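Worksheet: one structure, shown below.
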Amino acid sequence: MLRKHELIACHAMGRRMHLWRYGHFGPPLLVFPSASGMAHEWEAHGMMEELADFVDGGRLKLYCTESNVSEAWTNRDHDAAWRLERHQRFESYVLDELCSYIREDCRTPGIPIAVAGTSLGAFYSANFALKYPETFRYALCLSGRYDISEFVRGHYSDAVYFNNPMAYVPNLGGEALERVRRHTHLVLVCGQGKWEDGNAEESQALAAILEAKGISYECDLWGGDVSHEWAWWRRQARHHLSAYLQPRTL
């Protein structure tokens, strides 16, 4: 497997960002890490081994970035306004710098980019796809939480609202809603076993909102024996990416 580590200049964050790139050809998949924030998380937990035949066969090209989740969402040392500003900086990095890098690496200007992640990485994936559907045409969201209000302890601002899918998606209308309907598809996957309390419920709640809004989605709830763990996420990722890589119209 072609595997390369790089440090990407990030003007928005004021530092270089770790990125692991896997594969030589195929549609790009941008991976957001869970609460660890580590760019090498998927490899460390066996996901790259699980997906090796897709990558080696030129069917998929992965870009695994680090995130600033410990600054923006799990940080309790700064107030919510400071933490949301850090999230906005990360969002700018993804949109203005990382996507440009991916498209240049793929040698295809404007190529659609899929996103994926587990746990908080699933939130990032859903949020980017819903806010920027022309760029992110597919989101694989494994065991996500989609109501971020608990992370900001009652703080309310435009920055909170526009990064909380459970808040802004019900109010989408007009051209903003049509953009999402036309361009993107979300897959919400979650087990119903250990440590999935809240995740399964929020996956179902977001699915109900997407259904009401006519947004393309799939909600796939696995059984009561399926826990919030990598062994299951590997199986879920392989199952759904297999379907994504089949001929399709989005």
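Mean sequence separation of contacting Cα pairs (under 8 Å, at least six apart), scaled by the length of the chain, corresponds to a relative contact order of 16 percent. Taking every protein chain into account, the 1.4 Å probe leaves LYS4 with about 100 Å² of accessible area, to the nearest ten.
As a calculated quantity, the FRET efficiency between ALA176 and GLU49 at R0 = 30 Å, using C-beta atoms, amounts to about 0.15. Using a cutoff of 8 angstrom between alpha carbon atoms and counting only pairs six or more residues apart, the relative contact order for region 55-181 works out to 19 percent. Full extension of the segment from ASP220 to TRP82, taken as 0.36 nm per residue of separation minus the current Cα-Cα distance, would add 46.2 nm. Computed with every protein chain present, the accessible area of ASP158 is close to 110 Å² [probe 1.4 Å]. Residues within the reach of a label modelled at GLU6 (point 7 angstrom out along Cα to beta-carbon, backbone nitrogen below 13 Å), restricted to region 93-107, are 97-107.
Quick one: of the DSSP bridges fully inside the chain, what percent are antiparallel, nearest 5? Roughly 35 percent of the DSSP beta bridges within the chain come out antiparallel.
Take the Cα of GLU150, step 7 Å toward its Cβ, do the same at LEU95, and the gap between the two points is 2.8 nm.
How would you classify the chain from its alpha-carbon gyration tensor, with a ≥ b ≥ c the square roots of the eigenvalues: rounded for a/c under 1.5, else prolate if a/b is greater than b/c, otherwise oblate? Rounded, because the longest to shortest axis ratio a/c is under 1.5. Helix-only arithmetic for the chain: the sum of -39500 (n - 2.57) across DSSP H runs with n ≥ 4, divided by the residue total, places the mean residue ellipticity at 222 nm at -10500 deg cm²/dmol. Within the listed set PHE128, PHE136, PHE151, the Gaussian network model of the chain (springs between alpha-carbon atoms below 10 Å) gives the highest mean-square fluctuation for PHE151. THR74 exposes around 60 Å² of accessible area when a 1.4 Å probe is run over every protein chain in place. Sorting ARG89, ARG145 by accessible area puts them as ARG89, ARG145; the probe is 1.4 Å, largest comes first, and only protein heavy atoms count.
The values are calculated or read from the model by the stated rules, or taken from the named source; none is laboratory data. Keep in mind the model is a prediction, meaning the values are calculated, not measured. As a convention, Cβ positions derive from the backbone with ideal geometry for all residues, glycine included, and neighbour counts pool all protein chains shown. To get the accessible areas, we keep the full protein, side chains included, count just its heavy atoms, and leave off ligands, DNA and RNA. Shrake-Rupley method; radii C 1.70, N 1.55, O 1.52, S 1.80 Å.
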